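The structure under discussion appears below in the form of structure tokens.
The values are calculated or read from the model by the stated rules, or taken from the named source; none is laboratory data. Remember, predicted model here, so these are calculated numbers, not experimental data. Cβ placement follows ideal geometry from the backbone for every residue including glycine, while neighbour counts extend to all protein chains displayed.
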Amino acid sequence: MLDGEESHRAERDGVAAADSFGDQLVLGHPFEFVLNDRSVNEWLAALPRAWPEWNELLPRECAQPVVRFEQDLIRIGVRIQSNRWESIVSAGTAVQIADADSVMIALRDVKSGAMPIPAAILRRMVRFEDGNEHSNPSGTSVRGSTNGMARPGASSDSPLTIDRLFEGYRVGNRFVWPNGERPFRIASLTLTSGELRLRIEPLGTGR
């Protein structure tokens, strides 16, 4: 948890990073954007106060998201509390640029603490709101809103299921920055310990 001054600093740093990204999109030239997981986690901790809508993007059972950049992997962890069960659940996710038009996302593992969670159990835990993934009514509901965030392009794979996520799921490599509705794509993506390095290409509105 961040104290008051740390939260204000993290909020300022996050706004500055977002402004920098948007300013470089306006210039219309490819650029490199680098994130480290310490800064990202500070921004995540400050978001609920700075941007209340953030809470609407998380399933109601989830809280305190954290991110860790590893070699060729993004690990995302959340605290989940549901039906008197509470645990820190983390997912190791590989993200690769499949081609100019698509990004491949694939789950490598999901754990509760240090214990792996089999896909059969995940199917009962997770429910996608579009109805593609069926589960019991108490399953975690994954919402699709990206209000206020960079919006990804349409997926080239359908439907979205837990099994499909483990196999690898494609999303469109065209995103829209909300400030100014500026489209862009990710030309390259490199993950190392503690760092995510992106090569961003602004796109014309007609692409």
Q | Top-ranked residue in region 44-57 [being part of a loop (DSSP other than H, G, I, E, B) and in contact (Cβ under 8 Å) with a residue 60 or more places away in the chain; ranked as surrounded by the most Cβ atoms within 10 Å (Cβ to Cβ)] | A | Trp51
Q) Of these, Arg60, Arg123, which one is among the basic types (Lys, Arg) and more than 23 Å from Glu167 (Cβ to Cβ)? A) Arg60
**Q.** Residues within region 11-43 that are among the β-branched types (Val, Ile, Thr), surrounded by fewer than 16 Cβ atoms within 10 Å (Cβ to Cβ) and within 24 Å of Gln71 (Cα to Cα), tallied
**A.** 1
Q. Assuming Ile200 fulfils every condition listed in (1) modelled with pLDDT of 95 or more; (2) surrounded by fewer than 17 Cβ atoms within 10 Å (Cβ to Cβ) apart from one, which condition is it?
A. (2)
Q: For region 3-37, enumerate the residues that are β-branched (Val, Ile, Thr) and part of a helix (DSSP H, G or I).
A: Val15, Val26
Q: Could you tell me whether Ala45 is at pLDDT 90 or above, under 20 Å from the mean Cα position of the chain (by Cα) and of a type in the set (Gly, Ala, Ser)?
A: no
Q) Inside region 98-169, counting only strands (runs of 3 or more DSSP E) that do not spill past its ends, which hold 2 or more residues that are closer than 21 Å to Val67 by Cβ and either modelled with pLDDT of 50 or more or under 17 Å from the mean Cα position of the chain (by Cα) (or both)? A) 102-112, 140-142, 151-153
